[in-house]
1. How many residues, within the stretch 237-255, are away from ligand 1 (no atom under 11 Å from the Cβ) and either over 13 Å from the mean Cα position of the chain (by Cα) or free of Cβ contacts under 8 Å to residues at least 24 places away in the same chain (or both)?
2. Of the conditions (1) of a type outside the set (Ser, Thr, Tyr); (2) within 12 Å of ligand 1 (Cβ to nearest atom); (3) outside any loop (DSSP other than H, G, I, E, B); (4) surrounded by fewer than 19 Cβ atoms within 10 Å (Cβ to Cβ), LEU221 satisfies every one except a single condition; which number is it?
3. Look through GLY176, GLY180 and report the one residue that is open to solvent by 20 Å² or more (accessible area, probe 1.4 Å), modelled with pLDDT of 95 or more and more than 14 Å from ligand 2 (Cβ to nearest atom).
4. Let me spell it out: the conditions are (1) touching a strand residue (DSSP E or B) at 6+ places or on another chain (Cβ under 7 Å); (2) within 14 Å of ligand 2 (Cβ to nearest atom); (3) open to solvent by 10 Å² or more (accessible area, probe 1.4 Å); (4) within 23 Å of ILE56 (Cα to Cα), and ASN216 meets all of them except one. Which number is the exception?
5. Output yes when any residue across the stretch 274-286 is within 18 Å of ALA326 (Cα to Cα) and surrounded by fewer than 19 Cβ atoms within 10 Å (Cβ to Cβ), and no when none is.
6. Aliphatic (A, V, I, L, M), within 15 Å of ligand 1 (Cβ to nearest atom) and more than 26 Å from HIS133 (Cα to Cα) - does that describe any residue in the stretch 281-296?
7. I'm told ASP234 meets every condition in (1) away from ligand 2 (no atom under 16 Å from the Cβ); (2) in contact with a Cys (Cβ under 6 Å, 6 or more places away or on another chain) except one. Can you identify the failing condition by its number?
8. Residue by residue through the stretch 196-217, note down the ones that are modelled with pLDDT of 90 or more and more than 12 Å from ligand 1 (Cβ to nearest atom).
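The values are calculated or read from the model by the stated rules, or taken from the named source; none is laboratory data. Everything numeric in this text was worked out from a predicted model, so none of it was measured. Neighbour counts are summed over all protein chains in view; Cβ atoms, including those assigned to glycine, are modelled from backbone coordinates with ideal geometry. Quick note on the areas: whole protein, heavy atoms, side chains included, nothing else; ligands and nucleic acids left out. Shrake-Rupley method; radii C 1.70, N 1.55, O 1.52, S 1.80 Å.
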Amino acid sequence: MEKLVSSWYNVQPLPDNYIFPPDARPGKLDVPLCTNIPVIDMGGAEAEAHDRASIIQQMLNASEEFGFFQQVINHGIPENLLKDTMGVFKEFFELPVEDKASLYSEDPNKNCRLFTSSGNYDWEEAHFWHSCHPLEQCIQFWPQKPITYREHVGACSTQVRKVALNILQLISEGLGLEPGYFRDELSQVSLLSVNYYPPCPDPSLTLGVPKHCDPNLITILLQGDVNGLQVFKDGEWIGVEPLPNALVVNIGYQLKIIRNGKLKCAEHRAVTNSRNARTSTAFFFTPSPDCLIKPAGALINASNPQLYKAFQYKEFFTNYAMKQEAKAEQLVHIYPNASCAMGVSDDSKNTFMELQRKKVHRYVIFKVDEKKREVVVEKIGGPAESYDDFAAALPENDCRYAVYDFDFVTSENCQKSKIFFIAWSPSTSRIRAKMLYATSKDRFRRELDGIHYEIQATDPSEMDLEVLRDRAH
Ligand SMILES: O=C(O)CCC(=O)C(=O)O
Ligand SMILES: [Fe+2]
């Protein structure tokens, strides 16, 4: 408990035991604050059918491309309630130690607890964690101070749960699943984690929360008004701009699995800053421990072979909780070998770098070499080759990855260039190939720093030159 009250952050420099190893540090802190993370107005969801359809489409697009979206207005939760709830969390962390001491616990199985440490590192931010559904059963374990804690947090949890179920309903409609698909067991548990990050003397040496994907179904985050949340997208970290009263929504592993890998479960992290303390609140909507998770039958067909086997949520979570995040996903993969993503040859990395930095290639086509268990270069296209030459070089009945350096002139007459990553998976290719390429894609892409756009094509029309033009403009 003593740990929680020390005021190390007034001490310069950062004590050694808070310093992350170099490869786990945040790197460039000054990331672009991204206004691209889609902002969705939920107001129309109850109204006109065509508004509802458009909201659903925006949600699915955002979930496929970013794994994240923010909703700002009309989510239905009163502004005052959000303000009071965030206020009461800040007051909670400011309470004298005596008032919090009984809640402090290092036992991860304890349902309502205050603790420190992030990842494997001893880090002095504090987290307060408890379940919040069904309310009548949980509320008795919550703090009694501040005196409005139970009232505000209770009301807010109920409202956030309503929004989450509404979003899940819209997603199930969009995916063509039966209404209420995500209700009951799949979203039975609501957990709340309040994170308190004190100002840090040297934010470049540490992280508030190390990079991770959420293990649950879907998360709703109130991130307050201080920057700190970052999402990994297209090889770089982008900041999620705090917007007043916005709810940040992100897709967890279970939703990705139910969608058979087609929704993104994005890596994210929280960086610290040296000026302001930051308080964020995550509501995790989580399957019950015994809940059976598997890709939805309606979403599996010959072009989308089932990538994950059926498992109980607790099997996944046990591995995740042991800090074996990558393994947790791999173990539930239907073909463990294929799920263990292929390595990437040095030649692939270097050839991509030549295309990106030296601009000496128009395109590069990569293939999976199963014997070497690596992604290797298959063909390089010279700068003078055309898009048609590139398209013709892709096999008709087999999968490939490719990068294409697309030059174009903007309406302001500026010469620009954008690098496209193309995941070519024609519907006529063998199931095994589709699976192999689908599983290794994310790992491979992570090696290619500087991709601007990704296109997944199952027939030539989906990667037509027009498609590239539309994306790049
Ligand atoms: O503090 C934040 O913005 C992110 C917290 C988070 O990702 C989590 O609690 O899972
Ligand atoms: Fe998270």
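1. Adding up the residues that qualify gives 6.
2. (4)
3. One residue alone meets the criteria, GLY176.
4. (3)
5. Within the stretch 274-286 (the criterion being within 18 Å of ALA326 (Cα to Cα) and surrounded by fewer than 19 Cβ atoms within 10 Å (Cβ to Cβ)), the answer is no, since none of the residues qualifies.
6. No, there is no match, as no residue in the stretch 281-296 is aliphatic (A, V, I, L, M), within 15 Å of ligand 1 (Cβ to nearest atom) and more than 26 Å from HIS133 (Cα to Cα).
7. (2)
8. Residue satisfying the conditions is LEU217 alone.
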